[in-house]
Amino acid sequence: GENVEQHPSTLSVQEGDSAVIKCTYSDSASNYFPWYKQELGKRPQLIIDIRSNVGEKKDQRIAVTLNKTAKHFSLHITETQPEDSAVYFCAASRTGYALNFGKGTSLLVTP
Amino acid sequence: GAVVSQHPSWVICKSGTSVKIECRSLDFQATTMFWYRQFPKQSLMLMATSNEGSKATYEQGVEKDKFLINHASLTLSTLTVTSAHPEDSSFYICSASIQGITDTQYFGPGTRLTVL
């Protein structure tokens, strides 16, 4: 089955700096790669996703890159703000199948 | 659009009792729903895949007789934790995909189960 590795497990940045979270996956058939933000006690919220036919996608301060050959994808958050502090999960799946999540990255943005 | 609800949001029960959790897609039809479990400070772990009108597919290590899943309609799936024990205490979250558009999954708000 699919195995998703996520790094780092914790990340602390100063407000305004950029944050990068990296994930690797094992199943070359995976074609969907979403990123979720989860605040304590709440549901995961989809913040951006990318499909295997695209190498990069951007939405305001958030971008995701995908390298299919190397089987890794990354989340980039620019101009971080304290409200970006949360746990971020990457995931990988094939169309129609369940998501396989990474272990999560706890991001802390300090003012 | 694409709202998923769960009920109850939290529940406390005694050891040995059963608890039913409902997952509803409010504004779309979901052929497939997924049930995840999340322990504190851990990731979401898939428990089972629930398909409307057929038996659920359980992940390895998840007891199908303990975690009963029913997906009787395109908008409702239920998870029943039977004979709950303290080690079943966890955050249970469902997700659903829009019928015909099966990539993006929308998560319910989760149910916090505490077994005393």
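The values are calculated or read from the model by the stated rules, or taken from the named source; none is laboratory data. Everything numeric here is computed off the predicted structure, so don't read it as measured data. Every residue, glycine as well, gets a Cβ built from its backbone with ideal geometry; the counts of neighbours run over all protein chains shown.
Which numbered condition trips up residue B:53, out of (1) over 23 Å from residue B:116 (Cα atoms); (2) surrounded by 13 or more Cβ atoms within 10 Å (Cβ to Cβ); (3) more than 14 Å from chain A (Cβ to nearest Cβ)? With (1) over 23 Å from residue B:116 (Cα atoms); (2) surrounded by 13 or more Cβ atoms within 10 Å (Cβ to Cβ); (3) more than 14 Å from chain A (Cβ to nearest Cβ) applied to residue B:53, the lone miss is (2). Across the stretch A:40-52, the qualifying residues are those that are in a loop (DSSP other than H, G, I, E, B) and under 18 Å from residue B:108 (Cβ atoms), and the one among them that is farthest from the other protein chains (Cβ to nearest Cβ) is A:40. Restricting attention to the stretch A:12-19, does a residue exist that is in contact (Cβ under 8 Å) with a residue 12 or more places away in the chain, within 14 Å of chain B (Cβ to nearest Cβ) and either of a type in the set (D, E, K, R) or in a strand (DSSP E or B) (or both)? Checking the stretch A:12-19: not a single residue is in contact (Cβ under 8 Å) with a residue 12 or more places away in the chain, within 14 Å of chain B (Cβ to nearest Cβ) and either of a type in the set (D, E, K, R) or in a strand (DSSP E or B) (or both).
Considering the stretch A:53-65, the residues that are within 14 Å of chain B (Cβ to nearest Cβ) and over 27 Å from residue A:42 (Cβ atoms) include one that is surrounded by the fewest Cβ atoms within 10 Å (Cβ to Cβ), namely A:53. Taking the stretch B:77-103, which residues are part of a strand (DSSP E or B), surrounded by fewer than 17 Cβ atoms within 10 Å (Cβ to Cβ) and in contact (Cβ under 8 Å) with a residue 40 or more places away in the chain? The answer is B:80, and nothing else. For the stretch A:76-108, a residue qualifies if it is part of a loop (DSSP other than H, G, I, E, B) and either at positive phi or small (Gly, Ala, Ser) (or both), and the qualifying residues are A:79, A:85, A:96, A:98, A:102, A:104. Checking each residue in the stretch A:8-29 for being touching a Phe, Trp or Tyr at 6+ places or on another chain (Cβ under 9 Å) and at pLDDT below 95 picks out no residue at all.
With respect to the conditions (1) in contact (Cβ under 8 Å) with a residue 60 or more places away in the chain; (2) crowded, with 19+ Cβ neighbours inside 10 Å, residue B:29 falls short on a single one, namely (2).
Quick one: would you say residue B:92 is within 12 Å of chain A (Cβ to nearest Cβ), within 21 Å of residue A:92 (Cα to Cα) and at pLDDT 95 or above?
Judged against the criteria, residue B:92 is a match.
So, of the residues in the stretch A:69-111 that are among the charged types (D, E, K, R) and loosely packed, with under 15 Cβ neighbours inside 10 Å, which turns out to be nearest to residue B:42 (Cα to Cα)?
Of the stretch A:69-111, the ones among the charged types (D, E, K, R) are A:71, A:79, A:83-84, A:94, A:103.
Remaining after also requiring loosely packed, with under 15 Cβ neighbours inside 10 Å: A:79, A:83.
Working: A:79: 27, A:83: 21 Å.
Looking at the filtered set, the residue picked out is A:83.
Within the stretch B:56-76, the set of residues being within 14 Å of the chain's Cα centre (by Cα) and not in a loop (DSSP other than H, G, I, E, B) comprises B:57, B:58, B:67, B:68, B:69, B:70, B:71, B:72, B:76. Hey, could you check the stretch B:104-116 for residues that are facing chain A (nearest Cβ under 8 Å) and on the phi < 0 side of the Ramachandran plot and say which is surrounded by the fewest Cβ atoms within 10 Å (Cβ to Cβ)? Residue satisfying both the conditions and the ranking: B:104. The criterion of being at pLDDT 95 or above and closer than 12 Å to residue A:31 by Cα holds for residue A:92.
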